[in-house]
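The values are calculated or read from the model by the stated rules, or taken from the named source; none is laboratory data. Predicted, not measured: the structure shown is a model, and the values here were computed from it. Glycine gets a Cβ as well: all are built from the backbone with ideal geometry, and neighbour counts include every protein chain shown. Quick note on the areas: whole protein, heavy atoms, side chains included, nothing else; ligands and nucleic acids left out. Shrake-Rupley method; radii C 1.70, N 1.55, O 1.52, S 1.80 Å.
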Amino acid sequence: MPKTLSSVISKNTKNALSNLSWQIENIALLLNKYLDFLELENGKISGVSEISLVKTISYLPLIKDDEVFNVAIKKVFKDLGKKYDRNFLDRLEKGIEAYREVLKTKIYSQINQYIERQKNIQNSIADTNMKFKTSSRLIVGLGSSSVLETSIKLHHIYGVPYIPASAIKGVLRAYKIWKLVNWDSFKYFIVENLIENYQSDKFNQQKEQFIGKIQDGNFDNKFKEIDKDLSKEELETKKQKLIGFINSISQKEIEKIVQIFGNQQQKGKLIILDAYPINFEGFDVDIMNPHFPDYYDKGEPPADWQNPTPITFLAVPTGTEFNFYFKNTQVYDGNLKKDLQKAFENIGIGAKTTLGYGILE
């Protein structure tokens, strides 16, 4: 008997959603609560569908590009026809197409109205605003907990993707440190440690303690993580150079970064607000394709006979423009817009930046 799919929600909720043709306005809620996990035969639960299938069905109506959507939905439902009831699939396919049309004609418009209200609020708070556009796909929150293996940062009420202030602060702070240490990973480790533990009346003592730990070999393993090819002699030479670097660091340099961004002991003075897209019209669907699943999942040796397991995820499309807002920018040491631009170019923001994601211009 061919199977059908159903979501794990109460009967009353299901009836209410059916009356609304399952046109859920909150995308975040859709991807967390209203997923077709259950497989049914003759109206009874017979199993749980694969996560990859659940994601495929959930992601289809969210695809921004019409051509990509048309190709994807034909392929997906052709493959599903081998396993699931044809009448059920016809209804599901029509439902996805109808929901996507509602998203494009109504729901995205409502989301963009919220974004406009949010922009007005942020304008009244901030003293500086700037715009940046994604020059590659952007994915923030990919590794957050989710029933769908992968995630994306969405506003919990309105379902719009956004860049949290904490992520903006993190990449800007990282760039300031990298710039200070001239992109030296060893020096970055030292400066970051000094910043996080900074106390104005104990700075020299803090440096002495840090030098003592280096001399005692407390950080040898950390240094070898940074450069695994370091020989014993090279490590000792590196440690002596780092001790000289620590002695050269001025309290003023560290204190300025702490004043801007804060640390464990005090709040930073620069206020950064969440960044929202200027206009939202849907997502791209991308894939990760681990070629050695048994190596990652079971600890077995990587081998060519293992089958790749594509993992799909949502991403903000290239060319999406975001508004960025800041307050108390007078405390910032340098050109904020230029530094943020360099941070996005050299570090990126969000997940998979080493593969070219998360670049803004």
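For the stretch 282-307, residues that are at pLDDT 70 or above, open to solvent by less than 70 Å² (accessible area, probe 1.4 Å) and either under 30 Å from I73 (Cβ atoms) or within 23 Å of the chain's Cα centre (by Cα) (or both) total 7. Can F69 be described as touching an Asp or Glu at 6+ places or on another chain (Cβ under 6 Å) and surrounded by 15 or more Cβ atoms within 10 Å (Cβ to Cβ)? For F69, the condition - touching an Asp or Glu at 6+ places or on another chain (Cβ under 6 Å) and surrounded by 15 or more Cβ atoms within 10 Å (Cβ to Cβ) - is not met. Please indicate, with yes or no, whether at least one residue in the stretch 103-113 is surrounded by 15 or more Cβ atoms within 10 Å (Cβ to Cβ), under 19 Å from V160 (Cα atoms) and touching a Ser or Thr at 6+ places or on another chain (Cβ under 8 Å). Scanning the stretch 103-113, I find no residue that is surrounded by 15 or more Cβ atoms within 10 Å (Cβ to Cβ), under 19 Å from V160 (Cα atoms) and touching a Ser or Thr at 6+ places or on another chain (Cβ under 8 Å), so the answer is no.
Out of all the residues in the stretch 76-102, which are of a type in the set (G, A, S) and either open to solvent by 90 Å² or more (accessible area, probe 1.4 Å) or without any contact (Cβ under 8 Å) to a residue 12 or more places away in the chain (or both)? Please lay out each step first, then the result.
Residues of the stretch 76-102 of a type in the set (G, A, S): 81, 95, 98.
Within the stretch 76-102, G81 is the sole residue that qualifies.
Whenever a residue of the stretch 104-126 is closer than 16 Å to G159 by Cβ, its partners that are among the hydrophobic types (A, V, I, L, M, F, W, C) and surrounded by fewer than 12 Cβ atoms within 10 Å (Cβ to Cβ), lying with C-beta atoms within less than 9 angstrom and at least six residues away or across chains, give the pairs Y114/I157.
Within this structure, S166 passes the test of being of a type in the set (S, T, Y), modelled with pLDDT of 95 or more and surrounded by fewer than 16 Cβ atoms within 10 Å (Cβ to Cβ).
The residues listed here are I177, I190; of these, the one that is part of a helix (DSSP H, G or I), in contact (Cβ under 8 Å) with a residue 60 or more places away in the chain and open to solvent by less than 30 Å² (accessible area, probe 1.4 Å) is I177.
For the stretch 193-216, how many residues are loosely packed, with under 12 Cβ neighbours inside 10 Å, outside any helix (DSSP H, G or I) and not acidic (D, E)? Qualifying residue count for the region: 0.
Can you pull out every residue in the stretch 127-140 that is in a loop (DSSP other than H, G, I, E, B) and surrounded by fewer than 19 Cβ atoms within 10 Å (Cβ to Cβ)? Before you say what the answer is, go through the steps one by one.
Of all residues in the stretch 127-140, those in a loop (DSSP other than H, G, I, E, B) come to 127, 135-137, 139-140.
Across the stretch 127-140, the qualifying residues are D127, S135.
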